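Contents: one structure, followed by commentary.
The values are calculated or read from the model by the stated rules, or taken from the named source; none is laboratory data. It should be emphasised that the depicted structure is a prediction, and the values quoted were computed from it without experimental measurement. Reconstructed Cβ throughout: ideal geometry from the backbone, glycine too, with neighbour counts over all protein chains shown.
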């Protein structure tokens, strides 16, 4: 399994990150993927990219997406969550 994850990480090179860091769907899904694998730093990093690129679904991030439970207690998660909450509460159409 570890070899497969290493190969997966190789595929997520700088070009991939640069080309997808503004796609909140991909970055959110990768955050979930890494959370499931207990790779907290990677998960938080991808979640930050998701929120920075417009993924502001605060209720989903805060509690409804149970696949993020592995990172909810992390300090950096709380910081990202606060940003999402602020954006969620101030969203205008």
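Here are some conditions: (1) surrounded by fewer than 17 Cβ atoms within 10 Å (Cβ to Cβ); (2) in a loop (DSSP other than H, G, I, E, B). Residue 86 meets all but one. Which one does it not meet?
(2)
What's the number of the condition residue 93 fails, among (1) surrounded by 17 or more Cβ atoms within 10 Å (Cβ to Cβ); (2) modelled with pLDDT under 95?
Exception for residue 93: condition (1).
Conditions first: (1) part of a helix (DSSP H, G or I); (2) modelled with pLDDT of 95 or more. Residue 70 passes all but one, so which condition is the exception?
So the condition that residue 70 fails would be (2).
Pick from the range 22-54 the residues that are closer than 15 Å to residue 85 by Cβ and under 9 Å from the mean Cα position of the chain (by Cα): which of them is surrounded by the most Cβ atoms within 10 Å (Cβ to Cβ)?
Top of the filtered list is 47.
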